[in-house]
Structures are given as C-alpha cells and as structure tokens.
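The values are calculated or read from the model by the stated rules, or taken from the named source; none is laboratory data. Model, not experiment: these values are computed from the prediction. Glycine gets a Cβ as well: all are built from the backbone with ideal geometry, and neighbour counts include every protein chain shown.
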Amino acid sequence: MCAATRDDRAQKNMIEITVRLNAGLRRYRPALGIGEALPLHVPEGTNLKELLSRILQISPEEVAFLLVNGIKCSLDEPLAAGDRVALWPPVAGG
Amino acid sequence: MYNGYSGNILRVDLSTGAVTREPLDIQMAEDFVGGRGLASRLLCTEIDPAVDPLGPENPLIFGTGPLTGSGAPATSRYVVVCKAPLTGTIACSNSGGFFGPELKFAGYDFLIIQGESAEPVYLWISDRTVEIRSAEALWGEFPAATEAALRRLTRATAKVACIGPGGERLSLLAGVVNDGYRLAARSGVGALMGKKKLKAIAVHGSGSVRLHDSEQFWSATMDMHEKIAADPVSFGSFRAYGTASLVNLINEMGAYPTRNFQYDTFEGAANTSGEAVVEDILQRNRACFACPIACTRVSEVKDGPYKGRGEGPEYESIWALGALCGVSDLAAVAKANFICGDYGIDTISTGATIACAMELFEKGALSEKEIGFSMRFGDAAAMVRAVEMTGKREGFGEVLADGSYRLAARYGHPEFFMGVKKLEMSAYSPRVFQGMALQYATSNRGACHVRGNTVAAELYGIPRYMAPELLEQKEEMVRRPFQNSTAFVDSTGICLFTKFAITHREICALLTPATGLDFSFDRSIEQGDRIWNIERMFNLRAGFTSDDDKLPQRVTEPSPDGPRAGSRAVLHEHLQTYYQLRGWDRSGRPTRAKLDELGLEDWWGVCSDA
C-alpha cells in the first residue's frame, strides 16, 4: 500500500486526488503556482502510469520521483481517494 | 618529474616571515592522493592533535588535488585543513571557484600557513614570488570588496581567498571565502585565519598542470563531458534550479527538519523552493573552473527590506535560514544568505544556531532582554537581524558567533544542540534517512552530509537504491561507497557534483593518465579508507571517543509529523557493526591489524593493540 492516509470519499466510480508538479514538470501545467495542488477526478482503479500518460499526458520516462502521500511508489500502484501525488524529473542536491 | 601534481609545498611562517619551498613526497601522494587526504596527512606531521585550535601552532593548510586545474570537468576544488576551531576535530572544508586551480598554476599543491602575524597581512603569491604585505587597509572589508582591492594592488586577474569580518572577529562559524562569494564554510576554519591575522591570499600563476599522458587524459575528459551533457541532473535540474530543487522533494517525503528539528515538514517549503528562487530572484548562473554544469546561482532581491545581491542561496542555506528557523519569506532567506557571504560565515551553522536560540527563547531559557528583541520561530526580521549580529559579533551576536553547541550549553539546554561533535546537522532528517543517521554520528568532522551523502542511494538510487527506512547492509553502504569513496574524491580536486553523471571508476580512469601513478579502483577505495582512518586517529588523539559518535536524543525519538510520522533514527545504534566493518575495536579505535593493512603508523599511541 502506497497511501499513508486514505479516506472513503470515493463516490460512484470516480475518486478525487491531487497532483503537484515540480521543477521542470511544471511546464505541463504552467498556470499552477509553485507547490499548488491540481485537483483531479479520476476513475477508481486508475494507476499511476495511467494517471501520467492518459490524464496528465506526461511520459513516465520524464518522471524520476513519484511520491504518493510522501512515499515513493511504482507506476502500477492504483490510486485511492484523497491521494496526494507529487512528481519530479531527475533532481539532486548537496 | 611530477605530473598532475606541481610537486611543491609552499610554507609561510607568519610569526617569522620565513617563506620556504619543500618538495612533495610522491610516496605520500600515492598513499593519500592529494587535497583532503594529503593535507590531513601533512597536518598529522605538523602538530599534536591535542593543541589549542586557535593557537599559533595550529597550521592552516590549503591543498589542491592532482586533478585541480587539470581542465577535466569541474576540477576546481581546493581544501582548507587544520584542527577545527568550532569542533576540535580535524577540519577539512572545501570550495570550488578559481582559487584552487590558480594556486596550482602558480606551482603549488599545498600552502602551509604557520605561526601568527601581529598585524593584519595578506599574502601575494605570483609564481615563485611570495610576499607578506600589510592588510591594515583591508581589515573589516567584505570578501567581494577585498577581492576587488587586492586585484588593484596586485594583478587584475589575481584569484583571492580571504576572510570576512566574521573570521576577523574569530567567529567559530567563519569560513574562508574565495572568488567573492564561495565558502570553504564549515568547522570554523576562517576563525583560525583571523587568529593568524591573515586577511587574504592573492594568487597569480602563469603555469599549467603537466599531464602524464595527455592524449588519454583528454580522451577521458571528452567522454566525461559527453556523459555530463547527457545527464538530466547535471545538465537539467542543476542548471535550471541549482541544489534547491530538493526543497520540495525532501519536504514532501517528510524528511525536511524544521524549527530546530522539532518537526520534519515545513509549511513554507514551496515559498522557499528552488522553483521560487528561479521565479523571484535568480539573475543568472555561474560556473566554477572548467565546469560544464554551472549550478551556482547569482541572485538579487531588487527591493523591499531585504534588498541585496550575491550568490545562492543553495539547498542547505535555504533550509538552515528558512525551515530550521520556521522562516518562509524567500527574500529574507536570500538576504540572510547574502549577509553570511559578506561576513564570511557558514550558512548551515549560522541558521542552526539561530534556530537553537529561537527554541531557547520560546521555551523561556533566553529572554528578550538578553537578545535585545523577540526571537520566535517564523520571525523573518528577527532571523535576518540575528544573522547580521552574528557576523558582526555585536550584542547577542557575541554568543551566537560561537555556534549552537556552546549556546545551548550556556543556557542550560544542551539537548537543544542539534549536531554531533559540536557541528550542526544538515538538511536531511536522520529520523527518515537511516544511512544519514549513521553518517552524521560517525563523520570525522562532526554531523555533516557531504562526508558521505547517503541520500544518493536512499533517494536517487546511486550507486543503487536502498530505501531510506531500510537498515540491512546500510553500515557497509555508509562505510565503503560513501565515506571511503568520498574521502578519495575529495582528495582528487574534482567536484562531488560530477558524481551524478560520472562514476568513481571514471574518476580513477582520469587520474592515471594525469599522474602516471596507479589509481586503480580497488586502490582508490583503500586510499579512501586510509584517509578516513588518519582523520579518526587525529580525533582520538584530540580527545574524542566512541561516546562522541552519538546523535541528539531528539532525533532518536519518533517524528511527530508528516508522512513518516513515528519514524526515528536507528542506524546510529549499529555502531558496533560499523566499527567491526571498519576494523576498529569496540571503542572505535583502529586495531593494529587495520593499521598494518593500510600501512599506517600509530603516531600518537591511540590505536587498539587488539
């Protein structure tokens, strides 16, 4: 399980999640402020790969760090209602 | 005939004015590489580690590596080694820019400054001409002004390393500043330079680095350039966002220490992120010598109360002056960072000391009367004011200028000191990054991330991914691919930031054609191990014991917030496993067998007979 905090907000077959795009990935939603959440309604059962390619239209190859509720996740993880998704391209520091 | 190395050590005695040149011992160079390793070895010859770190017998050693100035990518680094004024451990602070290569072009691998001057002086080195000149007129000047003045007084292209007013006033947070804004920041090395009344060193070199096999060297160099250019970190995020691209990521993970390590997430991270630096204050990038990456930020706050300009702020500086103090105003953080540059003081330890003062204040151990103003977490104006007072050593800044260990002890709360061996921890929570917990505990210069940045494995997957919370095999990871490898890389003169695109093996492949010496991979790991062990022996003789390999109690307790609430530092408890892997006894002393393996002498009788 990826999600550290989940609730039962799922209605019918759509769930609400939020996505934060960081660093170079911000260009996919340039209107969003830094750290601003993009609220999305996605079909229940959507996994991260589908979220990236189908909904956000970001190639998974561009994404180096994919966190759901602060925890690193793999692309086949299904999303749950209330999930907080955050994406980064390759970044590093020192 | 030396290749890679210039083959000379320049020794200047500020007490007598004597200037001498000594040949580099090539066997010692083979054993200790250069830079950090060789300067540490030279320090062991120069002094008994029990000396007073601010005494005249403690030398200040400037060192370059065999790759410094060679022209391979990012070969800008030089080190400043001495017994550390802040911590009493061995100190090795390093910096990029152009000063290190110029020292090499002037014909010197190492510069040993010994003794003390009675009056402020600067050193002018122009190839073989070395002069000690009065610096009365420069005393009190900021580094950028000092550099400009020295270029007028010496040569327009001279490269300068100096201290700011912080070093002059013996702040234990002071570093050595080169090329205007870059700091060899940690451990208080600038205080020793100030004690010696050495304001600056200006260097001009007309030579170059001679190579053993230039065809092979340049071929390896071109391969490295191609790898760096193809690397999305080196040519992508480092260029676009600098090191501060990590702010939001580490915060999102719940590993961003906040309000003096009381919490692990910061609500103001986005406002002070690398992305915000780019949008709000970035003017342009700047590169160090031969660096294709150019991660340095040149920035400016154009108006308002925090108007100012300079370089940075970097990830660690943003964190220490921001989240650690609860400050989410980027302009204030940038201003505090510029002030640290002007006074030549370490942003990490300065921010951490102010954070410690804020906690003392909020918990009633320190009054408004003592400080002169209220100092609560999140008060940007108070933070900036405190940084300036620290730099000036003025008012309560007199106390802040000696760091958080002494501050916390003075006000009866040693538990508010968030560091190890008197050095403040960095911007990666050891409650989350277990490798970093052990690294902070065992680092020879005190709690420091760059002596073994395990976050590379625990987040980026370099050399392979090991989840931050994992404990298995982490002791060996900390020891070998991080501490030993870093000790080696720090000794070569190449920047650690190349390691996102280039492997340790590829750095070895550059050293052999540069020097003509055997720098095989296995040998380099042994060299790193040898360097780590002499640093440890120095610390043992200086009075440190395994009791000092200890993290603050606070981070051993569950994290109160964020996605990893409940996690706590554990791996530092695995000291015995780590000692065993190192070939040390249960007290953390290298054994006789370990010394024999590394070909080391027990100079001070500090090692185990086991």
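Just give me the residues in region A:33-56 being within 14 Å of chain B (Cβ to nearest Cβ) and either assigned to a helix (DSSP H, G or I) or in contact with a helix residue (DSSP H, G or I) (Cβ under 7 Å, 6 or more places away or on another chain) (or both), in sequence order.
Selection gives A:ILE34, A:GLY35.
Of all the residues that make up region B:539-550, how many are of a type in the set (A, V, I, L, M) and assigned to a helix (DSSP H, G or I)?
Residues in region B:539-550 being of a type in the set (A, V, I, L, M) and assigned to a helix (DSSP H, G or I): 1 in total.
Conditions: (1) farther than 23 Å from A:LYS72 by Cβ; (2) facing another protein chain (nearest Cβ under 9 Å); (3) in contact with a Phe, Trp or Tyr (Cβ under 9 Å, 6 or more places away or on another chain). B:GLU275 meets all but one. Number of the miss?
Status for B:GLU275: all satisfied but (1).
Return yes or no: is B:PRO430 part of a loop (DSSP other than H, G, I, E, B) and surrounded by 24 or more Cβ atoms within 10 Å (Cβ to Cβ)?
Taking the combined requirement at face value, the residue satisfies it.
Among the residues of region B:210-231, is any out of contact with any Leu (no Cβ under 6 Å at 6 or more places or on another chain), within 10 Å of chain A (Cβ to nearest Cβ) and over 30 Å from B:LEU517 (Cβ atoms)?
no
Here is a list: A:ILE71, A:ILE34, A:ILE58, A:ILE17. Which entry is at pLDDT 95 or above, over 26 Å from B:SER567 (Cα atoms), among the β-branched types (Val, Ile, Thr) and out of contact with any Phe, Trp or Tyr (no Cβ under 9 Å at 6 or more places or on another chain)?
Among A:ILE71, A:ILE34, A:ILE58, A:ILE17, only A:ILE34 is at pLDDT 95 or above, over 26 Å from B:SER567 (Cα atoms), among the β-branched types (Val, Ile, Thr) and out of contact with any Phe, Trp or Tyr (no Cβ under 9 Å at 6 or more places or on another chain).
Which one is farthest from B:SER273 (Cα to Cα) among residues in region B:300-325 that are outside any loop (DSSP other than H, G, I, E, B) and within 14 Å of another protein chain (Cβ to nearest Cβ)?
Here is the first cut: in region B:300-325, the ones outside any loop (DSSP other than H, G, I, E, B) are B:300-301, B:308-311, B:315-321, B:323-325.
With within 14 Å of another protein chain (Cβ to nearest Cβ) added as a condition, the list becomes B:315-320, B:323.
On the way: B:TYR315: 8, B:GLU316: 11, B:SER317: 11, B:ILE318: 8, B:TRP319: 9, B:ALA320: 13, B:ALA323: 11 Å.
Among them, the one singled out is B:ALA320.
Please determine, by comparing only the residues of region B:365-396 that are of a type in the set (Lys, Arg) and outside any loop (DSSP other than H, G, I, E, B), which one is surrounded by the fewest Cβ atoms within 10 Å (Cβ to Cβ).
Ranking the candidates gives B:LYS369 first.
List the number of the failed condition for B:GLY461; all other conditions in (1) in contact (Cβ under 8 Å) with a residue 60 or more places away in the chain; (2) of a type outside the set (D, E, K, R); (3) within 14 Å of chain A (Cβ to nearest Cβ) hold.
Tallying (1) in contact (Cβ under 8 Å) with a residue 60 or more places away in the chain; (2) of a type outside the set (D, E, K, R); (3) within 14 Å of chain A (Cβ to nearest Cβ), B:GLY461 fails exactly one: (1).
Need at least 2 residues that are free of Cβ contacts under 8 Å to residues at least 40 places away in the same chain per element, so show me which strands (runs of 3 or more DSSP E) inside region B:88-145 make the cut, counting only ones lying wholly within it.
B:129-134
Quick one: is A:LEU67 more than 10 Å from chain B (Cβ to nearest Cβ) and touching a Leu at 6+ places or on another chain (Cβ under 9 Å)?
Values: more than 10 Å from chain B (Cβ to nearest Cβ): no; touching a Leu at 6+ places or on another chain (Cβ under 9 Å): yes.
The answer is no for A:LEU67.
Quick test for you: out of B:LEU510, B:LEU423, B:LEU470, B:LEU438, pick the one residue that is farther than 24 Å from B:GLY543 by Cα, modelled with pLDDT of 95 or more and more than 13 Å from every other protein chain (Cβ to nearest Cβ).
B:LEU510
For residues that are in contact with a helix residue (DSSP H, G or I) (Cβ under 9 Å, 6 or more places away or on another chain) and within 14 Å of chain A (Cβ to nearest Cβ), scanning just region B:549-563, find the one that is surrounded by the most Cβ atoms within 10 Å (Cβ to Cβ).
Only one residue tops the list, namely B:GLY562.
Say we look at region B:484-537 and pick out the residues that are more than 23 Å from the chain's Cα centre (by Cα) and among the basic types (Lys, Arg); which of these is nearest to B:ARG589 (Cα to Cα)?
B:ARG523
From the list B:ARG182, B:ARG186, B:ARG239, pick out the single residue that is surrounded by fewer than 20 Cβ atoms within 10 Å (Cβ to Cβ) and within 14 Å of chain A (Cβ to nearest Cβ). So that I can check it myself, show each step before the final result.
Values: B:ARG182 fails: surrounded by fewer than 20 Cβ atoms within 10 Å (Cβ to Cβ); B:ARG186 fails: surrounded by fewer than 20 Cβ atoms within 10 Å (Cβ to Cβ).
None of the other options fit; the residue is B:ARG239.
What's the number of the condition A:LEU75 fails, among (1) surrounded by 19 or more Cβ atoms within 10 Å (Cβ to Cβ); (2) more than 8 Å from chain B (Cβ to nearest Cβ); (3) outside any helix (DSSP H, G or I)?
(1)
Out of all the residues in region B:564-575, which are surrounded by fewer than 19 Cβ atoms within 10 Å (Cβ to Cβ) and over 27 Å from the mean Cα position of the chain (by Cα)?
Across region B:564-575, the qualifying residues are B:ALA565, B:GLY566.
Considering only residues that are within 16 Å of A:VAL91 (Cα to Cα) and either over 23 Å from the mean Cα position of the chain (by Cα) or away from chain A (no Cβ under 12 Å) (or both), which ones fall in region B:278-295?
B:VAL278, B:ALA294
Consider B:ARG406 carefully, then state whether it is at pLDDT 95 or above, assigned to a helix (DSSP H, G or I), in the same structural domain as B:GLU316 (by TED's automatic domain parsing) and basic (Lys, Arg).
Yes: the conditions hold for B:ARG406.
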